[in-house]
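Asker: Sharing a structure, written as structure tokens. Questions coming.
The values are calculated or read from the model by the stated rules, or taken from the named source; none is laboratory data. What you are looking at is a predicted structure, and each value in this text was computed from that prediction instead of being measured. Cβ: placed from backbone, ideal geometry, glycine included. Neighbour counts: every protein chain shown. Ligands, DNA and RNA are stripped out before the accessible areas are found, and what is left, the full protein with its side chains, is counted by its heavy atoms. Shrake-Rupley method; radii C 1.70, N 1.55, O 1.52, S 1.80 Å.
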Amino acid sequence: WGASDDELYFNDVVGTRGDGAPIVRGVRSDWQRGRETRLPTPVYHVTRDGARAAAPRDLAALRMTQDGYGVVVTPEQLRHLESQKDGVHVLDLRTNATAFLELSALVAAAELDSRPRAVAGGDARKGAECHRHVFHVKWNAKGTRLLVVVRARGQGCPRGDANHALTVNPDGADVRVVATWLRDGNHPNWLEDGRLSMNYEGKVCAFDDVEGGSCQVLSERASGHPVGVPGRGDLVVTDTYAKEHAAFGLEAGEAALRVLSGGDREAWLGVFPVAAFGTMPTDVWRCDAHPAFDVKGRRLALNVWVRGSRRVAITDEIDWDALLKRRDLWFS
């Protein structure tokens, strides 16, 4: 969404390069009037005021770090993408002016090649000759800083794959490595108060936006896709994966929506149907609830599995103050 419900942003394949790789551009849709405007770059996230967008340089390159993301390309086209400059597009949506933050400059500013980094599991590692790519790109609530997830993949990466949550100003200044992990971490997001939340080392953590931040435990049990409640710096909602049903006392094909308030306190908004683990032809087709908020933080959209097909459900309005007062709903 843009600044209002009138503005919807999405990506479209608008052509192909000489090697057949897709050309992806963002589209701004004034959907109520049936008008669309093509943008000069892809779009991954838009600031709340609708002023700026940001995106990885090439959405096809996302597949080089994880299947199921980005645009479908052939292995030959992926090899071609590996040699191109990666980075982050920053787009002024009012003027169409663009800026490009080169990944190599972010890596240099973060000193990923020259210094050991502490990672999940207690190991230390250095950067090495291997392919790095931009994955998620997200604005903070004020639209003043970007979260850029950088992933290292391929031959030459020491001790396997590495992931870094960098934060940076829109002009490329003030790069910070907030968190680094090997495999035991996922789904970093901005919280309303300027911290980052994510699953990390088996916990749901919050990190201050500082170099080498430490985990502030929101829950001792990591799960799903943690996301902060807009307008509430003290609350995080996350789902459970279908494969986690037994660990949370659920039946196969069920997922819970968990509300976390810090101090390992939580309440459940409900239990919802998802495709049972192992019933899909491949895991990338699974149905994750993956909750997402409206701009006011009062309603949630989530994926559900009903009568053999994927649907999108929207909750009733949630009264967070009333929920916090219901002591019978909270447990540790």
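Asker: Suppose we keep only residues that are within 16 Å of Arg57 (Cβ to Cβ) and touching a residue at least 12 places away in the same chain (Cβ under 8 Å) within segment 20-40. Which one would you say is surrounded by the most Cβ atoms within 10 Å (Cβ to Cβ)?
Answerer: Within segment 20-40, the match that is surrounded by the most Cβ atoms within 10 Å (Cβ to Cβ) is Gly26.
Asker: On to the next question. Quick one: which of Arg35, Arg79 is at pLDDT 95 or above and basic (Lys, Arg)?
Answerer: Sole residue among the options that is at pLDDT 95 or above and basic (Lys, Arg): Arg35.
Asker: Now, a different point. Here is a list of conditions, (1) open to solvent by 10 Å² or more (accessible area, probe 1.4 Å); (2) at pLDDT 65 or above; (3) among the small types (Gly, Ala, Ser), and Ala118 meets all of them except one; can you say which number that is?
Answerer: The failed condition is (2).
Asker: Here is a further query. Quick check on my filter: what residues within segment 30-43 are within 10 Å of Val90 (Cα to Cα) and either within 18 Å of the chain's Cα centre (by Cα) or among the small types (Gly, Ala, Ser) (or both)?
Answerer: Those that are within 10 Å of Val90 (Cα to Cα) and either within 18 Å of the chain's Cα centre (by Cα) or among the small types (Gly, Ala, Ser) (or both): Pro42, Val43.
Listed here are the residues, each with its yes/no results for (1) more than 19 Å from Asp12 (Cβ to Cβ); (2) free of Cβ contacts under 8 Å to residues at least 24 places away in the same chain; (3) aliphatic (A, V, I, L, M); (4) outside any helix (DSSP H, G or I).
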| site | (1), (2), (3), (4) |
| --- | --- |
| Pro42 | no, no, no, yes |
| Asp49 | yes, no, no, yes |
| Ala54 | no, no, yes, yes |
| Leu62 | no, no, yes, no |
| Gln66 | yes, no, no, yes |
| Val71 | no, no, yes, yes |
| Glu76 | yes, no, no, no |
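Asker: Which of the residues spanning segment 229-266 are under 19 Å from Asp319 (Cα atoms) and in contact with a helix residue (DSSP H, G or I) (Cβ under 8 Å, 6 or more places away or on another chain)?
Answerer: If the condition is that a residue be under 19 Å from Asp319 (Cα atoms) and in contact with a helix residue (DSSP H, G or I) (Cβ under 8 Å, 6 or more places away or on another chain), then Val229, Arg232, Leu235, Ala256, Val259, Ser261 are the ones that fit.
Asker: Another question, if that's okay. When you scan segment 277-293, do you find a residue that is surrounded by 15 or more Cβ atoms within 10 Å (Cβ to Cβ), touching a Pro at 6+ places or on another chain (Cβ under 6 Å) and not small (Gly, Ala, Ser), even just one?
Answerer: yes
Asker: So Leu91 ticks every box in (1) surrounded by 12 or more Cβ atoms within 10 Å (Cβ to Cβ); (2) under 27 Å from Val284 (Cα atoms); (3) under 24 Å from the mean Cα position of the chain (by Cα) but one. Which box is left unticked?
Answerer: The single condition Leu91 does not satisfy is (2).
Asker: Sticking with this one: May I ask you to list the residues in segment 174-198 that are touching a Phe, Trp or Tyr at 6+ places or on another chain (Cβ under 7 Å) and under 20 Å from Lys142 (Cβ atoms)?
Answerer: Listed by number, the residues that qualify are Val178, Arg195, Leu196.
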